[in-house]
Amino acid sequence: MLIRRMDDAQLSDAYGILFQQLYPHGGEELAPWGFGRAVVEPGGSTDPHEHPEHECFIFLSGTGTMTIGDESSPVDAQTSVLIPGGLRHHVANTSAGERLVFLSVYWPAEHGPTDL
């Protein structure tokens with residue numbers, strides 16, 4: 001059994017925000033994917049970036065704006081977003097006082113469709 005606690009003490013800088021890698025972090029041989037918890041402080045945002053892996057953001061709390069390519073949409077705790085590999089993206093926290101928290105699940109491009 002592999003158990004990871006989501007803990008602010010485990011957050012570190014990544015993509016301009018705070019991030020805690022949960023998996024893989026031991027147990028890498030169990031799955032071809034990984035995920036972590038991301039925290040965007042009020043008024044902050046991730047650095048715009050792209051990577052070959054597909055990614056899904058599952059928002060847990062807060063409010064923000066998700067941008068993929070030239071498209072933007074509001075996000076909140078009832079939102080999930082699928083980001084095909086290779087597309088430039090970033091997320092901004094639009095709240096003045098609440099953190100935007102989400103899970104980032106990612107997997108290699110050869111393990112899923114790219115047509116949305």
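Readers should treat all values here as calculations from the given coordinates under stated rules, not as data from a laboratory. Computed from a predicted structure; not experimentally measured. Counting neighbours? That spans all protein chains shown, and the Cβs are built from the backbone with ideal geometry, glycine included.
Here are some notes:
- Whole-angstrom gap from the stretch 73-90 to the stretch 38-70, using each part's C-alpha centre: 6
- Each Lys and Arg contributes +1 and each Asp and Glu -1, all at the Cβ; summed about the Cα centre of the chain, the dipole is approximately 300 debye.
- Label-reachable residues, the stretch 36-72, where backbone N falls under 12 Å from a point 7 Å from Thr79's Cα toward its Cβ: 57-68, 72
- Using C-alpha pairs under 8 Å with a sequence gap of at least 6, the mean separation divided by the residue count of the chain gives a relative contact order of 30 percent.
- Among Phe35, Ile83, Met66 the positive-end extreme of the charge dipole of the chain (Cβ point charges): Phe35
- Under the combined filter of DSSP loop state and at most 13 neighbouring Cβ atoms within 10 Å, the stretch 1-107 retains these trypsin sites (Lys or Arg not before Pro): Arg5, Arg88.
- Residues with amide H under 5 Å from that of Gly16, placed H, sequence gap 5 or more: Asp47
- Overall, the stretch 43-95 carries a charge dipole of about 100 debye about its Cα centre when +1 sits on the Cβ of Lys and Arg and -1 on the Cβ of Asp and Glu, all other atoms neutral.
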